[in-house]
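Reviewing the structure listed below.
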Amino acid sequence: MKNLTILGLQYGDEGKGKIIDLISIFYDQIIRNTGGHNAGHEILYNNIKKKIKVLPSGIFKKNCICLISDLVFFSINNFLNEIYLIKKILKSLIISRKSILNFKIDELIDYLIDLNLKIGTTKTGITSSSLKNLLKFSIKIEDFLKLNILIKIKKNFFFYNFFFLLYKIKIRINFKNFYFVNFFNFIKVKKNIVNSIFFINNYYKNIFENSQGVNLDLNFGTYPFVTCSNILSKSIFINSKFFYNNIKYVGIFKVYLTRVGNGFLITNICNFKNKIFSILNNERGTNTNRLRKIGWLDLNQLLNCVKINNISNLIITKLDSLIYIKKFKVLINYKIITNKKNIYNNNYYFPNFFIFSSWKSVNNKYIKNDINFHLFIRFVEKFLFTPINIISIGKKKFDIIIL
Ligand code: GDP
Ligand code: IMO
Ligand code: MG
């Protein structure tokens, strides 16, 4: 199929960056479709660890167009910083003129909102920018070419001041400063701004890169512990204005669960084991450096995500992480214990687990792996009624098994 969507099927950090970097050699254009700099992808480039946030994960491939689409919350500052850190030139990067701008003050507003709501957001201004978008005065990047930007900035200031008043914070933002600093930033990326519809709907072979994971989707996810984007597979038709239907949906998931923020996991493992496991496997938020919560793989949830997103092929990552343990669990289904009221709590669910024996090592050749490895992979494929095509067994680009 000409086009592909890569979709995280859990709570983000499934290893999307590594896989998109790997398969981008077969594609012409990588389109970042959701989120903003709340995302964080770690990619090994020439064996050096690179972190990207708002840049599409095809950025390390030569001759590949990287496009940031309409409904990405775009911080020019952050974008320029990332380019500087990975020492890339802006040549093959294009930004939709409709992408929604995210300013430094939005980060402060997110911080203030999270003081009360305690979602555990990344405080990258995504909630604030999304709120402004709903209130219909978000500033799109193309607005810097129009005069009405001044009116929009005024409305933005009203919004910011409202929060400062609410939280009794004495900050005065200077209109001229705000305009000129951001206008100066805009000038730096002006030549990279395009009408993205023409790039997305033509003969290129595209990968649509959805950041985050479907369980963080604003509507489908574990509300209220979710992000502000629509992450489901069909979001490409709205976020990126993709017109056609010749697209394959590929889901990616880890062999266990992780999540950052204040949401919970039904399959949570106890604090002590969690700490050891997250340190051993370096499970820290790429963006915020918080230790990730760890849980066992939830196949029940995964099956729902596969169905809802029309997933036809699967990629599983981190099978090397289980070599440290003898046995591991996989959730098959759960009962709801009805006398407890709080559904955002582990006490509400009684999980039924299947216990698997682990393997001591992993090998790039599928048949050279342990019998337990084979049993597990085939079990997951049968449970999800979907083939697994790539198995990732390490951080490096070619630590993979292709089936
Ligand atoms: P993303 O947000 O989905 O792109 O994932 P992140 O980059 O935030 O987090 C995934 C982490 O796992 C990164 O540090 C990757 O280098 C690493 N990773 C990806 N696949 C594997 C794998 O198969 N094994 C191991 N050990 N690490 C992996
Ligand atoms: P990638 O693309 C993991 C989480 C935050 C928080 C919740 C809401 O690297 O997989 P937000 O700032 O978006 O309003 O925070 O969503 N979150 C992620 N967790 N990976 C991500 O992206 C995430 N993006 C947001 O930790 O719990
Ligand atoms: Mg990540």
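Beta bridges per DSSP, both residues in the stretch 161-320: antiparallel share near 55 percent.
GNM remark for the chain: springs join alpha carbons under 10 Å apart, and the peak mean-square fluctuation among VAL181, VAL214, VAL72 falls on VAL181.
Let a ≥ b ≥ c be the square roots of the eigenvalues of the Cα gyration tensor of the stretch 252-323; is it rounded (a/c under 1.5), or, if not, prolate (a/b larger than b/c) or oblate? Let's see the in-between values first.
Details: a/c = 1.83, a/b = 1.64, b/c = 1.12.
Because a/c hits 1.5 or more and a/b exceeds b/c, the stretch 252-323 counts as prolate.
Distant-in-sequence amide contacts of TYR45, defined by a placed amide H-H separation under 5 Å and a gap of 5 or more residues or a different chain, comprise LYS50.
Taking ASN210, ASN282, ASN309 as the candidate residues, the one with maximal mean-square fluctuation in a Gaussian network model of the chain, Cα springs under 10 Å, is ASN282.
Can you tally the net charge around LYS397? Count Lys and Arg as +1, Asp and Glu as -1, for every other residue whose Cβ sits under 13 Å from the Cβ of LYS397. Mind showing how you got there, number by number?
On the way: positive: LYS18, LYS49, LYS50, LYS61, LYS395, LYS396; negative: ASP21, GLU42, ASP399.
Net of charged neighbours comes to +3.
Against the main long axis of the alpha-carbon atoms of the chain, helix 175-189 sits at an angle near 60°.
Reducing the stretch 186-239 and the stretch 11-89 to their Cα centroids gives an inter-centroid distance of 13 Å.
How far is helix 76-85 tilted, in degrees, relative to the longest principal axis of the Cα atoms in the chain, given as a value from 0 to 90 rounded to the nearest 10? Roughly 60 degrees between the two axes. The amide H of LYS140, built 1.01 Å from its N in the peptide plane, has LEU101 as neighbours under 5 Å, considering only residues 5 or more places off or on other chains.
Here the 3J(HN,Hα) profile of the stretch 147-163, calculated from phi with Karplus coefficients 6.51, -1.76 and 1.60 at θ = phi - 60°, is 6, 5, 4, 5, 5, 5, 4, 4, 5, 4, 5, 4, 4, 5, 5, 4, 5 Hz, Gly and Pro shown as x. Give, to the nearest whole percent, the P(r) tail of the stretch 70-121 beyond 19 angstrom, counting all Cα pairs. Across the stretch 70-121, Cα pairs with separations above 19 Å total 44 percent.
The helix-only estimate of mean residue ellipticity at 222 nm for the chain, built from DSSP H runs of length n ≥ 4 each weighted as -39500 (n - 2.57), is -9000 deg cm²/dmol after division by the residue total.
Per the Kirkwood formula on distinct C-alpha pairs, the Rh of the chain is how many angstrom? Please list the in-between numbers first.
On the way: mean 1/r = 0.0453 Å⁻¹.
One decimal place: 22.1 Å for the Kirkwood radius.
In the chain, what % of DSSP beta bridges are antiparallel (nearest 5)? Antiparallel bridges make up about 40 percent of those DSSP assigns within the chain. For the chain, the longest principal axis of the C-alpha atoms and the axis of helix 299-308 are separated by about 50°.
Can you give the % of DSSP beta bridges in the stretch 273-403 that are antiparallel, to the nearest 5? Can you show the working numbers first?
Working: 13 of 18 bridges.
Among the beta bridges of the stretch 273-403, antiparallel pairing accounts for roughly 70 percent.
Expressed as a whole percent, how much of the Cα-Cα distance distribution for the stretch 181-340 exceeds 20 Å? Value for the stretch 181-340: 62 percent of Cα pairs lie more than 20 Å apart. Under Stokes-Einstein, with the Kirkwood radius over Cα pairs as Rh, the value for the stretch 284-403 at 25 °C and 0.890 mPa s is 152 µm²/s. For the stretch 178-229, the square roots of the Cα gyration tensor eigenvalues, ordered a ≥ b ≥ c, give a/c of at least 1.5 with a/b no greater than b/c, which places it in the oblate category. Using Cα springs under 10 Å in a Gaussian network model of the chain, which residue among ASN116, ASN182, ASN289 shows the largest mean-square fluctuation? Taking springs between Cα atoms under 10 Å, the residue moving most is ASN116.
Evaluate the charge dipole of the chain about its Cα centre and quote only its size in Debye, nearest 20, assuming +1 on the Cβ of each Lys and Arg and -1 on the Cβ of each Asp and Glu. Kindly include the intermediate steps, with their values, before the conclusion.
On the way: 60 positive and 21 negative charges, 132 e Å.
Taking the Cα centre of the chain as origin, the dipole is about 640 debye.
When all alpha carbon pairs of the stretch 201-276 are counted in 5 Å bins from zero, the resulting P(r) reads 3, 12, 21, 19, 16, 11, 8, 5, 3, 1, 0 %.
Only the coordinates and a few stated rules stand behind these numbers; no lab work does. Remember, predicted model here, so these are calculated numbers, not experimental data. Please note: Cβ atoms are built from the backbone with ideal geometry, for glycine as well, and neighbour counts cover all protein chains shown.
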